[in-house]
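To keep things clear, I will list the structure first and then write my remarks on it.
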Amino acid sequence: MTEVSSLTGRLLVATPALADPNFDRAVVLLLDHDEEGSLGVVLNRPTPVGVGDILASWAGLTGEPDVVFQGGPVSLDSALGVAVIPGDEGAPPGSRLRTGGGEPIGWRRVHGAICLVDLDAPPELLAAALGSLRIFAGYAGWGPGQLETELTDGAWYVVESEPGDVSSPRPENLWRAVLRRQRSELAMVATYPDDPSLN
């Protein structure tokens, strides 16, 4: 198998040609990407379910909108927490957020300030460090080589993520916003009509 260049921490932005309704105008944050496959969460699919309805202890720590997001079509009965935790190395040595060996308690840095939160950890351990938090039901997953095939087929644009993408207060506008900020011809794709027949 050829070596896979990791896209962890980057965004997959659905192209207008992507026909899968699960990913229509989706913006996916890749949490893991290697030769064994890929895992990410869709950042722009809020549900009507409040965080307090399923994870009451975390409800006070999530941003607006304070709802669960559908992270993808896989394992909708499981929850993932994605947060922004500022600082290149996480919590300072000796803080309550580190074990004696220097590993963070309750979270794992994915890319830059973006972290995966252990929702089984006591929320009070992380409350002071969290810049923002989103809860996702389910995730998007690809087997070995599957995402690479979709990329070759032109299903996704791959762009850099920004910490604010995780906590966008207007997730319904994220697809256009991410494309609009690109310094290339991708910025023009943001103007693509919702109904391609109108183009």
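Counting protein heavy atoms only, the chain has 52 percent of its accessible area on carbon and sulfur, 1.4 angstrom probe.
A 1.4 Å probe run over the protein chains yields, for the chain, 51 Å² of accessible area per residue, whole-number rounding.
Scoring 52-58, 156-162 by mean Cβ neighbours within 10 Å over their residues and listing the highest first yields 156-162, 52-58. Here are a few candidate values for Cα Rg over 2.2 N^0.38 Å: (1) 1.29; (2) 1.04; (3) 1.18. Which one was actually calculated from the structure I just gave you? Given (1) 1.29; (2) 1.04; (3) 1.18, the structure-derived one carries the label (2).
Put a dot 7 Å past the Cα of A190, heading toward its Cβ, do the same for L76, and the two dots end up 3.2 nm apart. Our coupling estimate for the stretch 165-182, obtained by passing each phi through the Karplus curve with A = 6.51, B = -1.76, C = 1.60 and θ = phi - 60°, is 5, 5, 10, 3, x, 10, x, 5, 9, 5, 4, 5, 5, 5, 5, 4, 7, 6 Hz, Gly and Pro reported as x.
Averaging sequence separations of C-alpha pairs under 8 Å and six or more residues apart, then dividing by the length of the chain, give the relative contact order as a whole percent.
On the way: 390 pairs, mean separation 54.6, N = 199.
With pairs under 8 Å counted, the relative contact order is 27 percent.
The phi torsions of the stretch 11-28, fed into the Karplus equation with coefficients 6.51, -1.76 and 1.60 and a -60° offset, translate into couplings of 9, 9, 10, 4, 6, x, 7, 5, 8, 5, x, 5, 10, 4, 6, 7, 10, 10 Hz, rounded to whole numbers, with Gly and Pro shown as x.
The values are calculated or read from the model by the stated rules, or taken from the named source; none is laboratory data. Please read these numbers as outputs of a predicted model, since none were measured by experiment. Positions of Cβ are generated from backbone atoms using ideal geometry, with glycine treated the same way; all protein chains shown enter the neighbour counts. What goes into the accessible areas is simple: the full protein's heavy atoms, side chains included, and nothing from ligands, DNA or RNA. Shrake-Rupley method; radii C 1.70, N 1.55, O 1.52, S 1.80 Å.
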